[in-house]
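Worksheet: the structure to be examined is printed underneath.
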Amino acid sequence: MQIKEKLEVFQKFTIEVANSESEALIREYQESFEKELEEFQKNKQTEMEHKFQIEETRIRRQMRRKVSEESIRQKRLLDSCKQEWKGKVMEKVRLLLGEYRQSGQYMDYLAAKIKMAKEVAGTEEATIYIDPADAGKKEGLEKRTGAKLTVSAMKFGGGIRAVIRSRNILIDESFVTKLEQEEINL
């Protein structure tokens with residue numbers, strides 16, 4: 001073999017070795033790049049999922065807060081309407097009660113409550129009070145029931161109040177008390 005041929009063989013061999021080494025390096029770089037790309041994609045996917053969860057949590061909190069605020073607003077509105085309705089009902093009851101106090105049925109009611117207070121007292125001494133607005137009905141009620149009545153210094157909206165001091169008993173059949181109890185129950 002001649003030098004020229006040897007050189008050609010050497011050159012071919014060197015080129016083949018260089019090509020194979022460069023292909024090996026390229027494959028290695030490509031594999032390394034693909035791994036880095038895969039890791040990058042996984043990291044970005046994880047990061048996006050994390051951001052998505054954070055945003056979803058934030059939106060859910062906002063929605064819960066808005067629902068809570070609306071619920072509170074609705075409760076306040078309902079309470080306001082209920083108070084308004086309660087006021088109107090109690091106003092109507094007071095008007096009807098005023099009309100009732102002008103009727104003969106009211107005299108019958110007072111007489112029945114006075115008799116009831118006398119029965120509760122039995123032989124004990126009882127002080128039976130009537131409302132100052134009913135002072136004009138005192139004589140008629142005393143004749144009708146046979147009880148001595150006292151006109152109260154305090155207004156209590158009609159009805160009677162009786163005190164049996166010996167037994168520490170207060171009989172409160174006043175309309176003010178009954179209205180307060182009903183207002184609480186509304």
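Filter the stretch 151-169 for residues that are within 26 Å of LEU96 (Cα to Cα) and free of Cβ contacts under 8 Å to residues at least 60 places away in the same chain and give the result. VAL151, SER152, ALA153, MET154, LYS155, PHE156, GLY159, ILE160, ARG161, ALA162, listed by residue number.
Each row is one residue, and each column tells you yes or no for (1) assigned by TED's automatic domain parsing to the domain that holds ALA162; (2) at pLDDT 90 or above; (3) exposed (fewer than 15 other Cβ atoms within 10 Å of the Cβ); (4) of a type in the set (Lys, Arg).
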{"position": "ARG60", "(1), (2), (3), (4)": "no, yes, yes, yes"}
{"position": "LYS66", "(1), (2), (3), (4)": "no, yes, yes, yes"}
{"position": "SER71", "(1), (2), (3), (4)": "no, yes, yes, no"}
{"position": "ARG76", "(1), (2), (3), (4)": "no, yes, yes, yes"}
{"position": "ASP79", "(1), (2), (3), (4)": "no, yes, yes, no"}
{"position": "GLU124", "(1), (2), (3), (4)": "yes, no, yes, no"}
{"position": "ILE128", "(1), (2), (3), (4)": "yes, yes, no, no"}
{"position": "PRO132", "(1), (2), (3), (4)": "yes, yes, yes, no"}
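A single entry from ALA133, ALA126, ALA162, ALA147 fulfils the requirement of being within 47 Å of the chain's Cα centre (by Cα) and more than 21 Å from LYS92 (Cα to Cα): ALA162.
Could you run through the stretch 170-186 and say how many residues are within 17 Å of VAL120 (Cα to Cα) and among the β-branched types (Val, Ile, Thr)?
If we filter the stretch 170-186 for residues that are within 17 Å of VAL120 (Cα to Cα), which is where we start, we get 170-174.
When the remaining residues are screened for being among the β-branched types (Val, Ile, Thr), the result is 171.
So the answer is 1.
Taking the criterion of being free of Cβ contacts under 8 Å to residues at least 24 places away in the same chain and under 18 Å from ILE114 (Cα atoms), the residues of the stretch 170-186 that qualify are LEU170, ASP172, VAL176, THR177, LYS178.
Please go through the stretch 172-182 and pick out each residue that is of a type in the set (A, V, I, L, M, F, W, C) and closer than 15 Å to TYR109 by Cα. Spell out the reasoning first.
In the first step, residues of the stretch 172-182 are kept if they are of a type in the set (A, V, I, L, M, F, W, C); the result is 175-176, 179.
Matches in the stretch 172-182: PHE175 only.
Within the stretch 92-101, does at least one residue satisfy the condition of being surrounded by 10 or more Cβ atoms within 10 Å (Cβ to Cβ), out of contact with any Pro (no Cβ under 8 Å at 6 or more places or on another chain) and more than 30 Å from GLU142 (Cβ to Cβ)? For the stretch 92-101, residues surrounded by 10 or more Cβ atoms within 10 Å (Cβ to Cβ), out of contact with any Pro (no Cβ under 8 Å at 6 or more places or on another chain) and more than 30 Å from GLU142 (Cβ to Cβ): present. Check whether at least one residue in the stretch 79-102 is within 23 Å of SER152 (Cα to Cα) and of a type in the set (S, T, N, Q), and report yes or no. Yes - at least one qualifying residue is present in the stretch 79-102. Taking the stretch 128-161 as the range and being part of a loop (DSSP other than H, G, I, E, B), basic (Lys, Arg) and under 17 Å from LEU179 (Cα atoms) as the test, only LYS155 passes.
The values are calculated or read from the model by the stated rules, or taken from the named source; none is laboratory data. Given the structure is predicted, the values throughout are model-derived calculations rather than measurements. A quick note on method: Cβ atoms are made from the backbone with ideal geometry, for glycine too, and the neighbour counts reach across all protein chains shown.
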